Amino acid sequence: AKNQGRNNYQFFAPSMNESNMHRLELEHSLRRGLEKNEFTVHYQPQIDIPNNSIVGIEALLRWDHPQKGIISPAYFISIAEETGLIVPIGEQVLRYACLQNKEWQLSGLPPMRVAVNLSPRQFQQQNLVQVITDILQETGMEPHYLELEITESLAMHDVEFTIKTLNELRKMGITIAIDDFGTGYSSLSYLKRLPIDILKIDRYFIRDVTKDPGNEAIVDAIILLAHNLKLQVIAEGVETEEQLNYLRSKNCDLVQGYYFYKPLPVVGITNLLLNTFKK
Ligand code: C2E
Ligand code: CA
Ligand code: CA
Ligand code: CA
């Protein structure tokens, strides 16, 4: 029994230390990355499907790591969230996206909305509205061209606070989208009360929409629900022509996905916009 105890200890202890070390290391390099300005933004077009035209762009955080190259937020977002580092990182994303959108407008492109993801931690900041107001002022970007994406679970966390904050943001002219819709556990009666403009159907449901009747039923229901609530619908993760045709046949408003464009770095998206709109 004594031996076994020791073995158990040895079995568990190193792996626990290892994962703690990994977390600490990651937190440390996130902090360093923030100081060294290693965070950057890639941009993915949103397409209006009746007209096949680019009408919006989602800003997606990237970590341009000096050794590891470009890293997706999937690898670090939860630690950034837990440590609170997502607050300064997210503010940076918002600032870059507003500045970039203003630059595109100044270069003569037709004005369009830029969508920025807000993490739960950011949304809970008491000074969020002020932070956003300051960034808009500082960059000269009109609130009308900013969209904020929040997740369903966040919105449902403290409904009264969420409603109050969203009302303030919308009064400024900002558009509000619920991201990853269908994956959280929201109550539909709350959804009706939320002052929002757009529902984004999660990629998970789109993936098999033309193969899985269950997903088809869910996608159809979300589109009808959104339209009945006078909301626009965006389908994310559209990768095939079949998915696109299906969504078009169901009157989905906008799509986003690899079928049209992957998220692109600043130079790539700027060239794409210039080639598309300034022929
Ligand atoms: P999301 O907000 O749901 O963003 C959509 C994700 O799907 C992006 O992953 C995008 O690159 C990917 N995607 C787009 N089209 C397709 C497609 O056709 N197929 C597939 N397989 N994937 C597609 P990404 O950029 O790696 O971001 C992952 C998640 O990280 C985002 O999911 C979002 O939750 C979070 N995130 C990204 N940027 C930010 C940010 O600035 N702040 C915060 N708080 N979270 C962010
Ligand atoms: Ca999003
Ligand atoms: Ca999403
Ligand atoms: Ca998602």
The stretch 99-151, residues that are β-branched (Val, Ile, Thr) and within 16 Å of ligand 3 (Cβ to nearest atom) = 114, 116, 150, 151
Between residues in the stretch 55-76 that are more than 25 Å from residue 234 (Cα to Cα) and residues that are part of a strand (DSSP E or B) and of a type in the set (Ser, Thr, Tyr), which pairs lie under 7 Å by C-beta distance while being six or more apart or on different chains?
-> 64/40
Do the conditions hold for residue 94, that is, is it of a type outside the set (S, T, N, Q), modelled with pLDDT under 95 and within 16 Å of the chain's Cα centre (by Cα)?
-> no
Given the conditions (1) surrounded by 20 or more Cβ atoms within 10 Å (Cβ to Cβ); (2) within 16 Å of ligand 4 (Cβ to nearest atom); (3) part of a loop (DSSP other than H, G, I, E, B), and given that residue 141 satisfies all but one, which numbered condition is not satisfied?
-> (2)
Give the number of residues within the stretch 196-218 that are modelled with pLDDT of 95 or more and touching a Lys or Arg at 6+ places or on another chain (Cβ under 9 Å).
-> 2
Select from the stretch 95-124 the residues that are surrounded by 17 or more Cβ atoms within 10 Å (Cβ to Cβ) and either free of Cβ contacts under 8 Å to residues at least 12 places away in the same chain or assigned to a loop (DSSP other than H, G, I, E, B) (or both) and write down the one among them that is farthest from ligand 1 (Cβ to nearest atom).
-> 109
Going through the stretch 75-102 one residue at a time, which ones are among the small types (Gly, Ala, Ser) and farther than 12 Å from residue 26 by Cα?
-> 84, 90, 97
Of the conditions (1) among the hydrophobic types (A, V, I, L, M, F, W, C); (2) under 14 Å from residue 198 (Cα atoms); (3) touching a strand residue (DSSP E or B) at 6+ places or on another chain (Cβ under 6 Å), the single one that residue 269 does not satisfy is (2)
Has the stretch 161-176 got at least one residue that is assigned to a strand (DSSP E or B), closer than 16 Å to residue 225 by Cα, within 16 Å of ligand 1 (Cβ to nearest atom) and in contact with a strand residue (DSSP E or B) (Cβ under 6 Å, 6 or more places away or on another chain)?
-> no
Within the stretch 33-49, count every residue that is part of a loop (DSSP other than H, G, I, E, B) and either touching a Ser or Thr at 6+ places or on another chain (Cβ under 9 Å) or more than 16 Å from residue 112 (Cβ to Cβ) (or both).
-> 3
Given the conditions (1) assigned to a helix (DSSP H, G or I); (2) of a type in the set (D, E, K, R); (3) within 24 Å of residue 54 (Cβ to Cβ), report the number of the one that residue 149 does not fulfil.
-> (1)
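The values are calculated or read from the model by the stated rules, or taken from the named source; none is laboratory data. Bear in mind the structure is a predicted one, so any value in this text is a computation, not a measurement. A quick note on method: Cβ atoms are made from the backbone with ideal geometry, for glycine too, and the neighbour counts reach across all protein chains shown.
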